[in-house]
Amino acid sequence: MTRQEFLSTLGLGAAFVLTTNCLSSCAKDSNSGPVDFTIDLSDANYATLKTNGNYLVINGTVVAKTTAGEYVAATVTCSHQGQKQVTYDKANNNYYCTAHGARFDLQGGGLNNTGSGGLTVYKTTLTGTSLRVFS
Ligand code: FES
């Protein structure tokens with residue numbers, strides 16, 4: 001018996017399944033565990049981070065080199081509805097979620113209604129070519 005057949009026998013339809021799946025995956029992120037990793041900017045995989053205004057998503061973290069040349073980092077998970085779609089927007093020098101348009105400043109403060117929940121940001125330190133991102 002498949003899961004759907006089983007649920008059908010209980011009188012529950014697809015709406016229940018969709019609701020249950022959404023409740024478990026659409027909830028706001030609880031991805032607030034400690035973050036601590038180091039990348040070597042001389043590694044070709046991270047070469048894009050040598051250019052001001054670029055960013056990468058690494059280990060669920062948006063790591064960006066701002067338009068001013070500063071390294072910043074934040075969770076990729078948006079506080080609005082938990083979508084993992086936060087990016088760094090170099091045109092505005094802030095974080096932007098492509099799901100519903102939430103914007104956050106580089107300190108994690110919300111800049112609009114969808115961003116009002118704020119964003120978890122992390123510290124960075126650069127030693128030579130080693131960039132550490134940590135909470
Ligand atoms: S989940 Fe990011 S704006 Fe809605």
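Only the coordinates and a few stated rules stand behind these numbers; no lab work does. Just so it is clear, the model here is predicted, and its values are computed rather than measured.
If you wrap the range 31-134 in the convex hull of its Cα atoms and look at it from every side, the mean projected area works out to 5.9 nm². Under 5 Å from the amide H of Val62 lie the amide H atoms of Ala74, Thr75, Val76, each residue being 5 or more positions distant or on a separate chain, with H modelled from the backbone and absent for Pro and chain starts.
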